[in-house]
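The block underneath contains the structure these notes are about, expressed in structure tokens.
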Amino acid sequence: MRNASALSRLVAPMIAVGILVGGCGQPPSPRTGGTTGSADVGAPGLYGATAPAPAGAPGEPMAAGSNGNTRLPQSTAPGSMPAGSVYRNPASGRNEVVVEDVARTAVLIGDSQSEPAYSWPRAALASLGYTVHFCGRGGTGFVASNGKTGNYIDALQRGDWLLPYGSPPLVLIEGGGNDASRGATDQQISANAERLITSVRQRYPGAQLAMVGTLARGTSDGGGRRTEVDALLGTVAARHAIPFVGVGDWLTRYNLTRSMADGVHMNPEGHAALGVLLARRLDDYGLRYGSSGQAESAATR
């Protein structure tokens, strides 16, 4: 009860943070159809009808082959391109998107838990001083795809969404719920998580990586496969010495089941409460923007 009481005093400020993040030109993408309560794909109308963000809008994923806001000649220096421009990185051979301030940008790879502009991972990162660039879609995961956007590693490799050009200080990977609900095996999840970590580290050798697991109830409260996947991702992160925030029992540990929009997703108050908790854990790892811990991590890579 003390956790719930302490949480209630902090929710209101985080709702304001969530609104601020949502007002920065990063509206959630249209939801992908799915079964409410069975996966992290959004329920129809769950977050309200929204118009698609323009291709290349800062903070939003872009489809492969998209022109972005501006496509400039390849001879143009990316530093002089406006935010939202698409640039083919000669080092990787992949299209990337120019963001306004990459040195302050946290790249967030995730599913529908992260997709809303006021989501708990976005709110946590914003409260720690970052601008958030979201890469992902509802209904996807380490193995799961939504039929249009591939799983995390496939989407990255084929350009379903674009990483930002330059060197962001932090990449946060969240997910696993759709993998849990669709029967992905431990081996499949681990293998694709390993591939994603390797690819991100190759692209951003100076960035700190962190992972957030699969939001769920505790083991004794019906967490089931979601809680198992959360623990599995923790072992993957440990093998790579990556900070990991396990959230496989947070819904019941922090008495947040009443702050859910359905059996999987949070309502705005729930997102705000989880954002407070996640921000604290990331801060404990030294991942606040400009922190000494973050600088030391970048220096060792």
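Among the residues of the range 190-221, just one is of a type in the set (A, V, I, L, M, F, W, C) and open to solvent by 10 Å² or more (accessible area, probe 1.4 Å), namely 191. Of the strands (runs of 3 or more DSSP E) lying entirely inside the range 82-149, the ones with 3 or more residues being touching a helix residue (DSSP H, G or I) at 6+ places or on another chain (Cβ under 8 Å) are found at 105-110, 131-136.
Taking residue 173, is it touching a residue at least 40 places away in the same chain (Cβ under 8 Å) and touching a His at 6+ places or on another chain (Cβ under 8 Å)?
Criteria not met by residue 173.
Every residue, every condition in (1) modelled with pLDDT under 95; (2) of a type in the set (Gly, Ala, Ser); (3) surrounded by fewer than 15 Cβ atoms within 10 Å (Cβ to Cβ), yes or no:
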| position | (1), (2), (3) |
| --- | --- |
| 223 | no, yes, no |
| 227 | no, no, no |
| 237 | no, yes, no |
| 242 | no, no, no |
| 246 | no, yes, no |
| 250 | no, no, no |
| 269 | no, no, no |
| 285 | no, no, no |
| 290 | yes, yes, yes |
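Within the range 235-270, how many residues turn out to be more than 18 Å from the chain's Cα centre (by Cα) and either within 18 Å of residue 212 (Cα to Cα) or outside any helix (DSSP H, G or I) (or both)? Final tally of qualifying residues: 16. Checking each residue in the range 252-267 for being open to solvent by 20 Å² or more (accessible area, probe 1.4 Å) and not hydrophobic (A, V, I, L, M, F, W, C) picks out 252, 253, 254, 255, 257, 258, 259, 262, 263, 267. Given the criteria open to solvent by 10 Å² or more (accessible area, probe 1.4 Å), part of a helix (DSSP H, G or I) and without any contact (Cβ under 8 Å) to a residue 24 or more places away in the chain, does residue 187 qualify? So residue 187 passes the test. Provide a single number: the residues in the range 150-159 that are in contact with a strand residue (DSSP E or B) (Cβ under 9 Å, 6 or more places away or on another chain) and assigned to a loop (DSSP other than H, G, I, E, B). Qualifying residue count, the range 150-159: 1.
Condition check ((1) among the aliphatic types (A, V, I, L, M); (2) at positive phi) across all residues:
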residue: 113; (1), (2): no, no
residue: 118; (1), (2): no, no
residue: 126; (1), (2): yes, no
residue: 133; (1), (2): no, no
residue: 139; (1), (2): no, yes
residue: 142; (1), (2): no, no
residue: 145; (1), (2): no, no
residue: 150; (1), (2): no, no
residue: 160; (1), (2): no, no
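Within the range 227-245, the set of residues being within 20 Å of residue 266 (Cβ to Cβ) and in contact with a Gly (Cβ under 6 Å, 6 or more places away or on another chain) comprises 227, 229, 230, 233. From the list 117, 124, 144, 83, the one residue that fits, being surrounded by fewer than 24 Cβ atoms within 10 Å (Cβ to Cβ) and small (Gly, Ala, Ser), is 83.
Taking residues in the range 121-136 that are closer than 17 Å to residue 276 by Cα, and partners anywhere that are basic (Lys, Arg) and crowded, with 24+ Cβ neighbours inside 10 Å, the pairs with Cβ atoms closer than 7 Å and at least 6 places apart or on different chains are 132/122.
The residues of the range 243-288 that are free of Cβ contacts under 8 Å to residues at least 60 places away in the same chain and at positive phi amount to a single one, 286.
The values are calculated or read from the model by the stated rules, or taken from the named source; none is laboratory data. For clarity, every value in this text was computed on a predicted model and none was experimentally measured. So basically every Cβ, Gly included, is an ideal-geometry build from the backbone, and we count neighbours across all protein chains shown. These area figures cover heavy atoms from the full protein model, side chains too; ligands, DNA and RNA do not enter into them. Shrake-Rupley method; radii C 1.70, N 1.55, O 1.52, S 1.80 Å.
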